[in-house]
Structure formats: structure tokens, C-alpha cells
There are 2 protein chains.
Amino acid sequence: MNLNLMDKHQEIIDKAVQALHERTFFAQYPENPQPDVYGENADKEGREKYKTHLNSKFEELLQENPESWVGQEESPYEQQPLGVTYPFFSPETLVSRADEAYHQWRKVSPADRASLLVESLERMKTRFFEIAYATMHTTGQAYMMSFQASGPHAADRALEAIASGFEEQTRFPESTEWEKPMGKYNLKLNKSWRAVPKGVGLVIGCSTFPTWNTVPGMFASLVTGNPVIVKPHPKAVLPIAIVVAEVQKVLQENGLNPNICQLAVDADDRLITKDLAEHPKVKLIDYTGGNEFGNYVEGLPGKVTFTEKTGVNSIILDSMDDLDKVAQNLAFSVTLYSGQMCTAPQNFFVPETGVKVGGEQVPYEEVVEKIAGAVTALVNNPKAAPHILGAIQNPATTERLKGAKSANSREVLSSCDFENPVFANARTCTPVIYEVDATDKESYSRELFGPVVLIIKTKSTDQSIEIAKEMATNHGAISCGAYTTDSEIKEKIMDEMSLAGTPVSFNLTGGIYVNQNASFSDFHVTGGNPAGNASFTNPEFVIKRFTWVGFREPVQG
Amino acid sequence: MNLNLMDKHQEIIDKAVQALHERTFFAQYPENPQPDVYGENADKEGREKYKTHLNSKFEELLQENPESWVGQEESPYEQQPLGVTYPFFSPETLVSRADEAYHQWRKVSPADRASLLVESLERMKTRFFEIAYATMHTTGQAYMMSFQASGPHAADRALEAIASGFEEQTRFPESTEWEKPMGKYNLKLNKSWRAVPKGVGLVIGCSTFPTWNTVPGMFASLVTGNPVIVKPHPKAVLPIAIVVAEVQKVLQENGLNPNICQLAVDADDRLITKDLAEHPKVKLIDYTGGNEFGNYVEGLPGKVTFTEKTGVNSIILDSMDDLDKVAQNLAFSVTLYSGQMCTAPQNFFVPETGVKVGGEQVPYEEVVEKIAGAVTALVNNPKAAPHILGAIQNPATTERLKGAKSANSREVLSSCDFENPVFANARTCTPVIYEVDATDKESYSRELFGPVVLIIKTKSTDQSIEIAKEMATNHGAISCGAYTTDSEIKEKIMDEMSLAGTPVSFNLTGGIYVNQNASFSDFHVTGGNPAGNASFTNPEFVIKRFTWVGFREPVQG
């Protein structure tokens, strides 16, 4: 099937493939919501468009004959239901439609699939602001993060998956003539190969990053020829529903079955994820969320799974030039979206002898004070705090702050009620800091999702490294931050944390944070520890979605 | 660590990488045992060298302080023990030595690892004839297959894995400067990445192809920085022991720990495979053998596994130009090494209406007769038969021939005792052919390892395709042969068998057989059906053996 779309987007795809290999900065979709890029009225129109969805049926999807209309979203800023409803379909209907669409989609060439998918990202781009407001009012992210993470950053991660999938499928020849010298004659075979997609893909989204964590798996499965059922978290549907709708429209406009990409929403009284995941025709599962369900997904027989689960992220403090700058940087990292990020740091390891600052030893207590002081200053800054903290997606997160205190830990900084200046009903909280001893291992051997910092007093930097490695190896880790001016210690951290499959950011100060992760450059999640078995986007992320099958026949004559 | 070996073998590695991508004919190691390539006396010397091992300790390994000396091999040609004994080590000793070696090996660069491994293949080359005789007298393969499969073909598959592993580890930059425009300034980070090997690898060999099926996983794990424990089948140790010894010598000569690659042999009273496989430090397992143990291996938690298990390979007969040539080709395929190949065809689907030959319909019965006749002619050809049949590795295979007959099947050709002209005591048998109806599904839904052909009478070619696909999907398949002159039927077979993850050879006649599989061109096993989850050598085969871990730090100044 030749759709002649390739020419249109060839340049974008080529640049993206190049970026994958250079791993320097590359963004197809600018992260700044500035009018000269996105249009003078883009923000206003996006907000209005978002409002039209409220208390209405989401009727853009091209999936026919819904069994009912369902929706459970509510705004963490307003603490009231959005009232958006989505068509409901039984798992059997979803899978049988996906299976039918499979046999059309798998015959579209990788190049055409890549182009169609880039086209859908270009359409998504026109709705970045609408998606931003939908993200704010489902996840509780502040406006800027909602725009960037759900819009351009997500689209770039999707493009990354498209580029990688396109490259892997075209990396070997489609056909060749194989000629083997046999002495008296040459044996000649015509050979050809097909990259055969595995089957129906299921992508299970999370409540905090409804597009960013969903589109990599979704576009990776699609570009490799697998139909996809997108199953969002029931509390965060709208942002990804808009993306799915755009994909469906592009498919239909090009004469293809829109069920190649379906949205699957839980009904209030019928959760469908397990039925979908266990369906024999579902061959690929992408999952973002908690450990318990993630381990269940990984254990399903006969499935290829890609998971991002929970982890215990560490900060190792050894030595630095400027403690204030370090404290400010870390304060931002733990305050950003109230710590509701899989990359947010939790366990801060500080030696009992303190840290070296510009060659001078600064006592342990002072380090703790500086960090607490920086957090306090940030949450008390009315110009910054509301735009950094956002709101709390899930009431359970607020509850968790109290439970995070163990019998032997000391409260260094308590969480306070925080009044959002725009949304009086916003569900908010500010970071809490507890101090625990390294010996109290149980208290810090688990992810405390939300704005919880544990400062762990260790014997030495060597012990800090040892425990950070142990935590990552046994409980998973997605990020690690380290501060050291000593090149030997730096190499030791790199070596030990690499064995724990954990990327390390060194000596971050200023406008770059350990939580951040750049498409085309940073592999997100390594697959090397229990925090997940997949990585955006290394070649494994796409290769496992198809099978190489070869054919051969003697050359005639 | 820079060993300066790269220059020496750079050309071989570069050519091998190129061959992987062109997938045209490439062989670093010539398959013909001709004197002008391997030396005038190579065969004689190899045979003598082989004989020196008999009834002796194999003392070439550099693994120290064995607990005892063990060996259970016996020659299928002579039906008596070889008397070779190997050092025995407990699983705990093997794994702790491997783990120690890991921390040295992982720090050697991918380029140096690749060169050291190519060097070891070059040493292996000097022992191809010795390995050939060792293979004959453990597997029962005939001389030519023993030489080719265990020598040059195995070395080429090993080189393929080295080349692929080298390429995948060097495909992304080791470091880069990442510069992001932030409006008023540029944010600059130094980034670097490491391909971190997963840990101790275990390679579990089979009794019929002791080097060919072992070296791909072994060299794939090694080139990606993982130490390897090679656990051969207790009845086929010597061929791979020689390879391991050569690897160890190269490691030691270059100042490295020879325990980077260890041989692990079962004692008569102590089977060690499960203890090794279940050891928490063993992270990678390559396995070739039966389904039961293979499924156990695939189900082990916390391991990355690469399996090749059993399958039910089909031949689909629809239409052809010359039935005699087809029958001769198939007769060779089922007779070769008495069908003891994972790629040997078993289920021959013939429509009850017969097949079209040069446009004329030939009745079903005549097709069956032609095939039986061609097998009879081949096994009665004294010049050819002994060199094709070889001997039977395992007495259970001979037993299986009788058990293969179901209540409703008809014996078309019985197996006869075959006297090997050189080895009077050789354990031999010739192919048996049973005819069964397509409705008698149970009788052909399993692998009957050995020279067993089932001719299955179907309603039509469509039904032949349908059942061949079903067999591959449910019970696995590693090869498929099809004969058709109809391009629509050909496309249908390609499409259906590709969904079953099974490669298809079309219209083979003359000197090329469905059992054969060429390094650098044919992916061996697709991973797309129950016959195995791994493929020699697609990128997945090496990528899953290491983890990408990234590091980043602001550019100073």
C-alpha cells in the first residue's frame, strides 16, 4: 500500500533518526507556549475548546456503536467532576475490532505508517493548548508543565518512537540476491524478509502523565504495524482522548480503519484493564503505574511487556562548590508538581560528617537546614510556588505524607496547606522532610509518591553510594542525582549506579533538574532495575514489537 | 582498557557488520575442508589430535582446582565410551568465579572484546578438524556435516554474534555535548553513556549440535561484556570444550581472567544445570533443547532468556515443474543426519486431489510413491547414504520411530537397519514414512525428532496452509518448505506463515535444502512461535544482554 504521505514528512523523520544517533538537543515541537510559534490566540482558544468538553459527550472518536457513555474525571484544582463522558465498549468488542484492523494496518509499509503517525502529531500540535488545560484539570499539573509535558515533550517522545521504529524496520534489506560459490557453479537464491507485527497492542496509562507516558508505547506499537487499544487511567482520559481522536481522523482520511487505534475507557462499574490484558489476542502491553499491577502485567504469559513502575530515587551529597545553589536546585526538584513524578528524588544521602563545600567541611546539620530552608523559601514565594507545585492528583498522596514518618524519624519540615491564588478549592500540599538514620532501612526502602523527602544520615559517601545502589537494585530507581567535586568518587558513583541500571545527573544547579528527561537524548528508564523493563526509546523498545521472517527461493533460469 | 587488538581484526569485524546488513553470501570461514585452505595434513592431524583426547583428562582448560574429573560421552559410531574426562566444579564455584571475572571483563571496551573473540575464532579455525572428529563421535553426524556445522558454520555464527554485539554497543555515541537554547542563554550538558552488561551468562548446549547451537549465545554474551558459563550436554562436551579452551588461552595471553569463559560439566551423579540456571547472579540464559526444560528456563523469574526448543516443520506441496527433483530434494532433507536437526521437515501436506506438475494433475498416491521412492533410492545408494545419514545420537530416537505410528496411520516406508561401511557398530536407522489423514491431528501435532516423515492427506492446498500455520502457531516451527508455481498461493503461504513466525523456503531443488541456514543472511528461529524466543542473530539477540545507562553534568564555565 502506498499512501504517498512519506514525502510530506520525510524530512521530519530523517531529522529525528539523525537526532536519535547524535543524542544532542533536538525538538520538533517547541516547548515554549509562545504566540509567535503557536499563534496569537492559541492559548485562549485552547482554553475555550477545553471548556466545550465539560459536561458533554466526547464525540470525536470514530469508534461506532458505543454500549454506553462513561466518565469519572474530576479536577484537582476545582475538586469537582469534569462531566466529560466517553463511549464505552466491552473488551471483546475492542479486541475483535483491533484484530480486524490489524490485517489492514500490517500491510501498510513502515514508511507510510511513519508518515501517517507524524501527520497525526502535526494535528496534535494544533491542540496542544486544549490538551494542556485538559491535563491541568485531570492531573493537577501547573499550566506550564501541563503544556510542555502533555504537548511538545510528549509529541517529541512519540516522534522518537516513530523514528526508532521506522529505522529498525528498514535497517535490513527487504530483499536481496544471495549467491554462494559452490566450486563448479554458484548457488543463487532470491531472499526477502518481512517485519511482521506481533498483534494487538494495549497501552495502559497513568493518572499523572496521561499523554507523556502513553504515546511512546502507543506510537511504537503503531509504527511497527500493531493496532493499539489505549486504556487511560479513568481519572485522566481527556488529554489522550484528543490524541487518539486525531490519529483516528488521519487514518480515516487515508482510507484506513480508525479502529487501528482505539480508546478504551473503564465504566464506573466495569474495570476492563485485566480483561484486555489477559485476552489471548493482545500480544503487546505497555504499562505505566504502580508496582503491584506492573508485576502482574510482566507476569502475564505469552505477552511482550514494557513497564514503567515505581522506584526509589536517590540524591548523593558529597562535595560541591556552592551549597545554596545545590539546595535551591533540589528544593525545586522536590516541589515540582508536588513530587508526583517518577523521576522526583526522594532519598537524600548526607554523611554524618557533613559535605565539603568549596574545600571546607560543612556540618551535617547545616546541610539539612539549607535544604529545608530552600524548600521553605520556594513554597513561600507567591510568584513561583503555585506555578511549580500544581495540585495533588490523588487524595491518597496527601494521606501518604503522614504515613511516611517512621517511628525513628524526625520531622525537619512539615507540609502545610497551600492556597492556590486562582483555584480556591485546589487540593494542595507542600513538601515534607523527614530525617532518618541509615540503619532505619525499612523507612526508606519504598517509594513514597508525592512531595516526601527523606534525609538519610550515613557514615560516609561510600555508604551513601552503597545504599543508593542497593535501593535501586532491590526497589528500582529511575533517576539519581549526585554532587561531588572529586573525580574518583564521581567514577565510583557512575560505576556502581550503572550496575544498578540507574542514570546519574551530576552537580545540577540552575535551570536543569534531575526530574527532567530529554527526548532523543536521555533514555528514560533503563530497564536495568525493578523500576521497569522498558526504556524510551532504545532499539529494544521497538524491536520487540515485530518479528523478522525470511523467505527464499532459487533464482529461476 | 586498550589491548590494541582491534587493528588486527578490524577488517574481519567490519566485513561481518557489512554482511549483516547486506544479507548476501558471506563466510569468513570456508566450509570446504580442502587442503589448500586448511593445510595438506590438517585432516590427518586433526584425527590424530582427536584420538589423543580419548581415555584422557582434558587438561587444556585454565580453570583451577577441580573437585573431580568427570565424563559420560560415548561414540554413536562405536557405541563405546570416549573416556574423556573434564574438571568438575560446583555451581557455586563456577558462579562466584564468573562474578569475579565479570568486574574485569565489563571494563574491557566493546572493540577490544570483539577483537579478543575474533582472535579466539581464528585459533578455533586451526582445530576445525579435531573438532570435526569430536563432533562425529559425540553427535553421530557424518564427517562432512561434523566439519562444516561444528567448524566453519559455527565460527561464522559466532562471528555474526560478535559483529552484531559490537555494532549495537557502538551505535550510539559514548559522549556528546547537549546544548539547549533557553532564549537568553544556552543550557549545556556533557552527556555520556555506558552499555552495561547484565551479569553472568549461562549457555546450555544440546547433544546434536554442540558448537553450532552454543557459540551464538556464548559469543553474544561475551562481546557484550558478560562472563559466560558454558554448560554442554553431558553426551557432547569435547567439541565445545576445545572452543572454550581456546577462548581461555586468548584471555590469559592478554592478561585477562580465563574464568570470563568457563566450562561447566555435569558429574554422573550431579546434574548442575538447574542450580546454575536458578542462581540469582545468573542473569542471561541461552538454551537449546527440548520443550519441557525450555519452558522451565523461559519461566525463571529475573532472567533474560534465549531459547531454541522443538517445533513441527511442514512441507506444503501444491504445484511444481518436476516432481522427481522435488522428491529427491525432500528425500535428502529427511535423510540428512537421520532427521536429527531442528530444521528437518516432518509434516508433508499433500492434497487428496494430488499436485500439479508442469500443469498436469498428478494423483495423490503417485506423489507419496515418488517421495518414498526417492528416500529408498537415497538410502540404497552406498556412495551417498553413509555420508548423509550419519549415526543416531540417542537410542531414544530409534525407539521414537515405532511410537510415531498412530492407530490410523499407514506405514508407507519402514525404517531398516543400515550398515555403516566403516563403523560396524554404528547406531543407525533410515527414514520411516507414515501416511495419516488431516483429521488425525493428534498424530502429527508433536515433534518426532529423528527420521520420521508424516504425509498428511488434506482436502486442498488451502487446508494444507491452514494446518501448517496452526501447527507452527501452537506447537512451534523453525522451517517450512513449500512447492508452488502459483504466485497467489505463494503470497498466501508467505502471509499466513509469516503470521506464524515461520520462514519459508520455496521450490527448493538441487543442492540447497530446507534444513540449511546461512549465517549473516538467514535469521535462525524467528522468536515468533513456540519453537523459541530468540533468533540468530537479529539485534534483539544482543541488545537484551546489556543496559544503556546515561550520565550528565553541566558544562563547566
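The values are calculated or read from the model by the stated rules, or taken from the named source; none is laboratory data. No experiment lies behind these values; they were computed from the predicted model shown. A quick note on method: Cβ atoms are made from the backbone with ideal geometry, for glycine too, and the neighbour counts reach across all protein chains shown. To get the accessible areas, we keep the full protein, side chains included, count just its heavy atoms, and leave off ligands, DNA and RNA. Shrake-Rupley method; radii C 1.70, N 1.55, O 1.52, S 1.80 Å.
When DSSP beta bridges are limited to those with both residues in the protein assembly as shown, what percentage is antiparallel, rounded to the nearest 5?
If we restrict to bridges inside the protein assembly as shown, about 40 percent are antiparallel.
I need the P(r) histogram for the range A:411-454: all alpha carbon pairs, bin width 5 Å from 0 out to the longest distance, whole percents.
5, 20, 21, 20, 14, 9, 6, 4, 1
Over all residues in A:171-184, what is the mean tally of Cβ atoms on other chains that come within 10 Å of each residue's Cβ?
4
Which percentage, to the nearest 5, of the DSSP beta bridges contained in the range B:289-363 is antiparallel?
In the range B:289-363, DSSP labels about 40 percent of beta bridges as antiparallel.
Any idea of the total accessible area buried by the A-B contact, 1.4 Å probe, rounded to 100 Å²? Could you put the intermediate results ahead of the total?
Values: alone 22720 and 22730 Å², together 39330 Å².
Approximately 6100 Å², summed over both chains.
Using the Karplus curve 6.51 cos²θ - 1.76 cosθ + 1.60 with θ = phi - 60°, work out ³J(HN,Hα) for each residue of the range A:243-255 in order, rounded to whole Hz, and write x for Gly and Pro.
3J(HN,Hα) across the range A:243-255, in whole Hz: 5, 4, 4, 5, 4, 4, 5, 4, 4, 5, 4, 9, x.
For the range A:314-411, divide the Cα radius of gyration by the Kirkwood radius and give the resulting Rg/Rh value with two decimals.
0.99
What gaps in nm, shortest first, separate A:P280 from its twins in the other copies when you place the label 7 Å past Cα toward the beta carbon?
Between copies, matching label points for A:P280 lie 3.8 nm apart.
Kindly identify residues of the range A:194-217 having a loss of at least 50 Å² in accessible area between the isolated chain and the assembly of all protein chains, probe radius 1.4 Å.
A:R194
If you average the C-alpha positions of the range A:28-75 and of the range A:309-379 separately, how far apart do those two centres end up, in angstrom?
Result: 38 Å between the Cα centres.
Zone of B:E360 (label point 7 Å along Cα→Cβ, backbone N under 14 Å): which residues in the range B:324-346?
Under cut-off, by backbone N: B:324.
Taking R0 as 35 Å, what's the FRET efficiency between B:M144 and B:R123 from their Cβ-Cβ distance, rounded to 0.05?
Step by step, r from the Cβ atoms, then E = 0.95.
Summarise the accessible area of the range A:198-285 (1.4 Å probe, protein heavy atoms) by the percent that is carbon and sulfur.
47
Roughly how far apart, in whole Å, are the Cα centres of the range A:178-252 and the range B:204-244?
Measuring centre to centre over Cα atoms gives 35 Å.
Roughly how many Å² is the accessible area per residue of the protein assembly as shown, as a whole number, for a 1.4 Å probe?
35
Taking the Cα atoms only, what angle lies between the long axis of helix B:91-105 and the longest principal axis of chain B, rounded to 10 degrees?
60
With labels modelled as points extended 7 Å from the Cα through the Cβ direction, what inter-label distance (nm, one decimal) is found for B:T439 paired with B:K325?
Distance between label points: 3.8 nm.
Once you place label points 7 Å from the Cα toward the Cβ at A:A407 and A:K281, how far apart are they in nm?
5.5
Counting only protein heavy atoms, what percent of the accessible surface of the range A:314-506 is carbon or sulfur at a 1.4 Å probe?
47
Across the range A:314-506, how large is the tail of the calculated P(r) beyond 22 Å, expressed as a percent of all Cα pairs?
Working: 8091 of 18528 pairs.
So the pairs more than 22 Å apart make up 44 percent of the total in the range A:314-506.
Please compute, for peptide B:25-36, the average count of beta-carbon atoms on other protein chains lying within 10 Å of each residue's beta-carbon.
2
Can you list residues whose amide H is under 5 Å from B:M341's amide H, if they're 5+ apart or on another chain and H is modeled 1.01 Å from N?
Amide H neighbours of B:M341, under 5 Å, 5+ apart: B:G450.
Each label point is 7 Å from the Cα along the Cα-to-Cβ direction; what then is the distance between the points at B:E419 and B:K51, in nm?
2.5
Excluding residues on the same chain fewer than 8 positions from A:K184, give the aspartates and glutamates whose Cα lies under 16 Å from its Cα.
Counting by Cα, and skipping residues close in sequence, A:K184 has these aspartates and glutamates nearby: B:E31.
Could you list which residues have their amide H under 5 Å from that of A:G476, counting only those 5 or more apart in sequence or on another chain, with H placed in the peptide plane?
Counting only residues 5 or more places away or on other chains, the set is A:V312, A:A531.
Mind computing the radius of gyration and Dmax over the alpha-carbon atoms of chain A? Å is fine for both.
Gyration radius and largest Cα-Cα distance of chain A: 24.7, 88 Å.
Scaled to the compact-protein estimate 2.2 N^0.38 Å, what is the alpha-carbon radius of gyration of the range B:468-557, rounded to two decimal places?
Values: Rg = 19.1 Å, N = 90, 2.2 N^0.38 = 12.2 Å.
With N residues counted in the range B:468-557, Rg over 2.2 N^0.38 Å equals 1.57.
I need to check one value: relative contact order of the range B:314-506, counting alpha carbon pairs closer than 8 Å and at least 6 residues apart, in percent. Please list the in-between numbers first.
Values: 362 pairs, mean separation 56.4, N = 193.
It rounds to 29 percent for the range B:314-506.
Across peptide B:13-24, how many C-beta atoms of other chains are within 10 Å of each residue C-beta, on average?
Shielding by partners across B:13-24 averages 2.
Using Cα atoms only, what is the angle between the long axis of helix A:110-125 and the major principal axis of chain A, expressed in degrees (0 to 90) to the nearest 10?
50
List, largest first, the extents of the alpha carbons of the protein assembly as shown along their principal axes, each in whole Å.
Taking max minus min along each principal axis of the Cα atoms, the protein assembly as shown gives 96, 68, 47 Å.
Output the relative contact order of chain B, whole-number percent, from Cα pairs under 8 angstrom with separation of 6+ residues. Could you put the intermediate results ahead of the total?
Values: 1260 pairs, mean separation 98.6, N = 557.
Worked out over chain B, it gives 18 percent.
To test your reading of the geometry: what angle, between 0 and 90 degrees and rounded to tens, separates the Cα axis of helix A:364-379 from the longest principal axis of chain A?
Compared with the principal axis, the helix lies near 60 degrees.
Please report Rg (one decimal) and Dmax (integer) in Å for the Cα set of the range B:51-140.
In order Rg, Dmax, the Cα atoms of the range B:51-140 give 16.4, 47 Å.
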